[in-house]
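First comes the structure, then the notes that go with it.
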Amino acid sequence: MAVKGIVVASTNGAVGIQAAIEVIRAGGSALDAVVAGIEPVEANPDDNSVGLAGLPNLVGDVELDASIMDGRGLRAGAVGALRHYRDAIALSRVVMEDLPHSLIAGAGAERLAREVGMTEMNLLTPASDDQWRQRLLRRGIRDGAFGPDLRGWARRVTRDPELPPPPHGTVNVIARDRDGNLASGVSTSGWAWKYPGRLGDSPIIGAGNYADNRWGAAACTGRGEKAMRCCTAHSVVTFLRFGMGLTEALTTAMEDMRALDDPYRGQINIVALDRDGHHGAASSAVGKTYIVQDDEMSSHEELVRLHIPVTAETDGRSADKA
Ligand code: ASP
């Protein structure tokens, strides 16, 4: 018997959620819906946290991370530190379907994109380039002249007490199709001004993304190192498995992160969908939202996330002595 189709996403997924639900309405798979929902975000030049126009790493290179997971059979594919190609979610699916692997990073990911005929492009737009330069200029760094201590700059640029917390973002899309299959996808340009080659939670299955038809799916945005160290997306699904409701599962996963010793600033956010189509989301910051659209709704609805404080740093209030 057909079940209700539904798509849940981070709020920046608004440009793609309609495409995703149309896939479901047409009888398509949750997996196809996730890709259809994320691609418009990767192509959106106004979103500087995903795909084209994503903010670059410390040395000015845009490096994309993404993953996709099929809740039926727990198949997964991911790419990390992908340069020069925008289609990180589609490439993650190629990894899942065409390779005997789950994660391809760096030069290998770029090679794979070329091999399957994706379009090579400059991901850095003048606006994102300017934003990258301005933050460094505030610390006296011009034209990438960091000197030998790049590690120190990676710490200082992230925690600079004189500057607002670095902008961040990632797109999460979770879908349930009319056959009851779940799929989840995540795509991002990652932590802006990150150390070159840094991978976040987004391409790490279990950290920033997890889907299991038997229990539910979850995906994260925000400071990826927190989700990586607590296996947050997998934790939410495991808590569902052991009988918690969605609100309790989200709350427990957020509270787990209070054990982290993490002096770096950055909020953390989760969206989740259980196997029965219940949705929910949580954030360490106040007033954050997520979006949802089911197959009977003509447009999406924006809802406020549960606010679960993790530490003072997650609100961007930490003082940095570095
Ligand atoms: N989670 C992403 C990362 O850590 C970034 C973000 O969502 O802000 O790479």
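The values are calculated or read from the model by the stated rules, or taken from the named source; none is laboratory data. Quantities reported herein were computed from a predicted structural model and do not represent experimental measurements. FYI the Cβ positions are ideal-geometry reconstructions off the backbone, even for glycines, and counts take in every protein chain you see.
Checking the structure you have, find out if any residue of the range 51-70 is of a type in the set (D, E, K, R) and part of a helix (DSSP H, G or I). No, every residue in the range 51-70 fails to be of a type in the set (D, E, K, R) and part of a helix (DSSP H, G or I). Before we move on, is Met257 more than 16 Å from the ligand (Cβ to nearest atom) and more than 23 Å from Ile38 (Cβ to Cβ)? So Met257 fails the test.
Among strands (runs of 3 or more DSSP E) entirely within the range 206-281, having at least 1 residues that are modelled with pLDDT of 95 or more and on the phi > 0 side of the Ramachandran plot singles out 216-222. Among the residues of the range 268-310, the one identified as surrounded by fewer than 22 Cβ atoms within 10 Å (Cβ to Cβ), polar (S, T, N, Q) and within 16 Å of the ligand (Cβ to nearest atom) is Thr289. Please work out which residue is nearest to the ligand (Cβ to nearest atom), limiting yourself to the range 187-205 and to residues that are of a type in the set (Phe, Trp, Tyr) and on the phi < 0 side of the Ramachandran plot. Among those residues, the one meeting the criterion is Trp191.
Looking at (1) without any contact (Cβ under 8 Å) to a residue 60 or more places away in the chain; (2) touching a strand residue (DSSP E or B) at 6+ places or on another chain (Cβ under 9 Å); (3) acidic (Asp, Glu), can you tell me which one Asp65 breaks? Of everything listed in (1) without any contact (Cβ under 8 Å) to a residue 60 or more places away in the chain; (2) touching a strand residue (DSSP E or B) at 6+ places or on another chain (Cβ under 9 Å); (3) acidic (Asp, Glu), Asp65 misses just condition (1).
Looking for something under 15 Å from Thr170 (Cα atoms) and in contact with a Gly (Cβ under 8 Å, 6 or more places away or on another chain) - is there at least one such residue anywhere in the range 233-252? Quick ask: steps written out before the conclusion?
We begin by selecting, within the range 233-252, every residue under 15 Å from Thr170 (Cα atoms); these are 233.
If we keep only those that are in contact with a Gly (Cβ under 8 Å, 6 or more places away or on another chain) as well, we get 233.
Yes, the range 233-252 contains at least one residue that is under 15 Å from Thr170 (Cα atoms) and in contact with a Gly (Cβ under 8 Å, 6 or more places away or on another chain).
If I ask for residues that are basic (Lys, Arg) and surrounded by fewer than 24 Cβ atoms within 10 Å (Cβ to Cβ), which ones from the range 210-255 would you list? Selection gives Arg214, Arg229, Arg241.
Quick test for you: out of Ala107, Ala154, pick the one residue that is closer than 28 Å to Val95 by Cβ and at pLDDT below 95. Even if it seems obvious, please write down each step before you answer.
Details: Ala107 fails: at pLDDT below 95.
Within the list Ala107, Ala154, the selection yields Ala154.
Condition test on Ser92, is it under 24 Å from Arg305 (Cα atoms) and touching a Ser or Thr at 6+ places or on another chain (Cβ under 6 Å)? Spelling it out, it is not the case that Ser92 is under 24 Å from Arg305 (Cα atoms) and touching a Ser or Thr at 6+ places or on another chain (Cβ under 6 Å).
When residues of the range 156-172 are filtered for being among the aliphatic types (A, V, I, L, M) and within 15 Å of the ligand (Cβ to nearest atom), how many remain? Qualifying residue count, the range 156-172: 2.
The rows are residues; the columns are (1) among the aromatic types (Phe, Trp, Tyr); (2) closer than 28 Å to Ala30 by Cα; (3) free of Cβ contacts under 8 Å to residues at least 60 places away in the same chain; (4) not in a strand (DSSP E or B).
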residue	(1), (2), (3), (4)
Ala90	no, yes, yes, yes
Arg93	no, yes, no, yes
Arg111	no, yes, yes, yes
Gly117	no, yes, yes, yes
Gly144	no, no, no, yes
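State whether one or more residues within the range 231-238 are of a type in the set (Val, Ile, Thr), within 13 Å of the ligand (Cβ to nearest atom) and in contact with a Cys (Cβ under 8 Å, 6 or more places away or on another chain).
First, pick out the residues of the range 231-238 that are of a type in the set (Val, Ile, Thr): 232, 236-238.
Right, trim to within 13 Å of the ligand (Cβ to nearest atom) and you get 232.
Add one more test, that the residue is in contact with a Cys (Cβ under 8 Å, 6 or more places away or on another chain), and what stays is 232.
Checked the range 231-238: at least one residue is of a type in the set (Val, Ile, Thr), within 13 Å of the ligand (Cβ to nearest atom) and in contact with a Cys (Cβ under 8 Å, 6 or more places away or on another chain).
For the range 138-151, the criterion of being closer than 27 Å to Gly5 by Cα and either in contact with a helix residue (DSSP H, G or I) (Cβ under 6 Å, 6 or more places away or on another chain) or basic (Lys, Arg) (or both) is met by none of the residues.
Please enumerate the residues belonging to the range 1-43 that are of a type in the set (A, V, I, L, M) and part of a loop (DSSP other than H, G, I, E, B). Write out each step before concluding.
First, pick out the residues of the range 1-43 that are of a type in the set (A, V, I, L, M): 1-3, 6-9, 14-15, 17, 19-21, 23-24, 26, 30-31, 33-36, 38, 41, 43.
Within the range 1-43, Met1, Ala2, Val3, Ala26, Ala43 meet the criteria.
Looking at the range 176-186, can you tell me whether even one residue there is within 14 Å of the ligand (Cβ to nearest atom) and under 10 Å from the mean Cα position of the chain (by Cα)? Yes.
Residue-by-condition table, conditions (1) touching a Gly at 6+ places or on another chain (Cβ under 8 Å); (2) crowded, with 22+ Cβ neighbours inside 10 Å; (3) part of a helix (DSSP H, G or I):
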| site | (1), (2), (3) |
| --- | --- |
| Gln131 | no, no, yes |
| Ile141 | no, no, no |
| Arg155 | no, no, yes |
| Ala175 | yes, yes, no |
| Gly180 | no, no, no |
| Ser184 | yes, yes, no |
| Trp191 | yes, yes, no |
| Lys194 | yes, yes, no |
| Leu199 | yes, yes, no |
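When the range 207-228 is filtered for residues that are farther than 17 Å from Ala281 by Cα and more than 10 Å from the ligand (Cβ to nearest atom), the ones remaining, listed by number, are Asp212, Asn213, Arg214.
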